[in-house]
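Quick notes on the structure that follows.
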Protein chains: 2
Amino acid sequence: MTASSQEVPTGTKTKILNAAEKLFGQHGFDATSLRDITAEAGVNLAAVNYHFQSKESLIDALIDRRLGPIKQKRLQMLEAAGPAPALEQIVEAFLAPILDHDLPTAVPLIGRVLSNPSLFLERVYKPHLGETVARFSEALEKALPGLSTEERFWRVHFMAGAMTHILALSGVLPLMEGSGGTLDRATLMARMVTFLVAGFRASADSPHILEKC
Amino acid sequence: MTASSQEVPTGTKTKILNAAEKLFGQHGFDATSLRDITAEAGVNLAAVNYHFQSKESLIDALIDRRLGPIKQKRLQMLEAAGPAPALEQIVEAFLAPILDHDLPTAVPLIGRVLSNPSLFLERVYKPHLGETVARFSEALEKALPGLSTEERFWRVHFMAGAMTHILALSGVLPLMEGSGGTLDRATLMARMVTFLVAGFRASADSPHILEKC
DNA sequence: GTCTATAACCGGATAGAC
DNA sequence: GTCTATCCGGTTATAGAC
């Protein structure tokens, strides 16, 4: 690690990361070429392969840059809530570090990363999410002792899905009718917490039976 | 429309659609070449551009093929529930036509389609989903008169997100610990309905206030 | 560390024989 | 309707000058 790896955000490496985050978030990984990225960043094409080794490694670097701090903040908020956090605190600690992201380009990128089935298990969940989910699942077990392990597993993924969808579609949802036009983060957070907390509290022992039509 | 457009599922056109659905679902649109598809289908490369005009049109044909019938089934289930359906019936009518899909390759494809921000608004939502969502939103308004339009809008998208995430990750979620190993559709449906119905019923007039840690 | 130039390859689409 | 052969543009990655 040389002095240049953490310098002010005008270095070539940082410019590449920022441009890549923006374009990957807008158009997806495969639809964005390294040429697009270097043009946006105002740097030379060969700089990508010098600072990162390949396009795939660049993607991993972007994932690291965002999911690393998010993991820290999530666990920190969960710990700050004490040894037996309330359900609302657990859900907030899960959502806030992602939804409250200050950097506007980070949100669509994180949406792409979390909703990409090709990346998810090996390059996102295992290295960056698995431990966090396990910790939150433990906290949920204390807060909701009536839920089975499977029930908890699926509800955590319902929560993750609701959040991920909003992140991924953050660019288009405000354009739709009925949304209220803007995407105010604090209000959105409150709405998600209300919805998800109620979902988690639902009694699981009334498995609804489907009937034909 | 000639006689060949709706023949037994061994025509070249159908073989291409089936192979494309499988590979697009597994690897995504950009990561799958027309050569991959024609190899999988056992047909000639040029057949794709003869039957469909371009790769983009092929994708639209795949979207049509699955989302058309789903729209019909959703509206049919909603109508069958009478003029003032219960909340459970509304949620079931929204989820069942997608989650209960018999064709195993359709589920990952639909997950890719619904979670792709680049396709979503113009090529998925407006042509195939908007009218359905409006009808379901009306039904929800009757079932839950206390909710504001914005609140309903966002909760519908929380529901859509939870469902979409499960579809998109259907290939990997069963591999994770705590899932119970299998993905039994009836049980999953029941779990989602329980969770989402409780979320919809949550009272909205207690907007939770976020505090710093 | 940064650039130019290029290698080596793969993609979608099409022309034209059959 | 189906095939072969090919065009042509774009892709990642690298070699080597500065």
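Derivation of every value follows stated rules applied to the coordinates shown; laboratory data play no part. Quantities reported herein were computed from a predicted structural model and do not represent experimental measurements. FYI the Cβ positions are ideal-geometry reconstructions off the backbone, even for glycines, and counts take in every protein chain you see.
On a 0 to 90 degree scale, rounded to 10, what angle separates helix A:12-27 from the longest Cα axis of chain A?
50 degrees
Leaving out same-chain residues fewer than 8 places away, which lysines sit with a Cα under 22 Å from that of B:K22?
Hits, sequence-local ones excluded: B:K13, B:K55, B:K71.
Below 15 Å, Cα to Cα, which aspartates and glutamates can B:K15 reach? Residues fewer than 8 away in the same chain don't count.
Within the straight-line cut-off, B:K15 pairs with B:E7, B:D36, B:E40.
If you stretched the chain out fully between A:S54 and A:E177, how much longer would it get, using 0.36 nm times the residue separation minus the C-alpha to C-alpha distance?
Answer, rounded to one decimal: 40.2 nm.
Across peptide B:126-136, what mean number of C-beta atoms from other chains lies inside 10 Å of a residue's C-beta?
Across the residues of B:126-136, the mean count of other-chain Cβ atoms within 10 Å is 1.
Quick check on the protein assembly as shown: take the gyration tensor over C-alpha atoms, sort the square-rooted eigenvalues as a ≥ b ≥ c, and tell me if it's rounded (a/c under 1.5), prolate or oblate.
Because a/c hits 1.5 or more and a/b fails to exceed b/c, the protein assembly as shown counts as oblate.
How tilted is helix A:106-115 with respect to the longest principal axis of chain A? Cα atoms for both, answer in degrees (0 to 90, nearest 10).
Roughly 60 degrees between the two axes.
Between the label point of B:S57 and that of the same position in each other copy, find the distances and list them shortest first in nm, with every label point placed 7 Å from Cα along the Cα-to-C-beta direction.
Here the equivalent label points are 4.3 nm apart from this one.
Distance from the Cα centre of region B:105-153 to that of region A:42-120, in angstrom?
Taking the Cα centre of each part, region B:105-153 and region A:42-120 sit 27 Å apart.
What's the longest piece of chain A with no exposed GluC sites (Glu not before Pro), counting a site as exposed if DSSP puts it in a loop and it has at most 14 other beta carbons within 10 Å?
A:8-176
Would you mind checking the tilt of helix A:55-80 against the longest principal axis of the Cα atoms of chain A, expressed as 0 to 90 degrees and rounded to 10?
40 degrees
Multiplying the sequence separation of A:L103 and A:S203 by 0.36 nm and subtracting their Cα-Cα distance, what value in nm do you get?
32.2 nm
Could you put B:S54, A:S137 in order, starting from the residue whose Cβ has the fewest other Cβ atoms within 10 Å?
Lowest to highest Cβ neighbour count: B:S54, A:S137.
Which of rounded, prolate, oblate describes region B:95-150, given a ≥ b ≥ c as roots of the alpha-carbon gyration tensor eigenvalues and a/c under 1.5 marking rounded, otherwise prolate only if a/b is larger than b/c?
oblate
From the helices alone, meaning DSSP H stretches of at least four residues, give me the mean residue ellipticity at 222 nm for chain A, per-run term -39500 (n - 2.57), in deg cm²/dmol to the nearest 500.
The helix-only estimate for chain A comes to -20000 deg cm²/dmol at 222 nm.
Suppose you put the label 7 Å out from Cα in the Cβ direction; list, shortest first and in nm with one decimal, how far B:Q72 is from each other copy's label.
In ascending order, 5.5 nm.
Decide, for region A:92-205, between rounded, prolate and oblate: order the square roots of the alpha carbon gyration tensor eigenvalues as a ≥ b ≥ c, take rounded if a/c falls under 1.5, and otherwise choose prolate if a/b is larger than b/c, else oblate.
Verdict is oblate for region A:92-205.
Along Cα→Cβ at 7 Å, what distances in nm separate the B:R123 label point from those on the other copies, shortest first?
From this label point to the equivalent ones elsewhere in the assembly: 2.1 nm.
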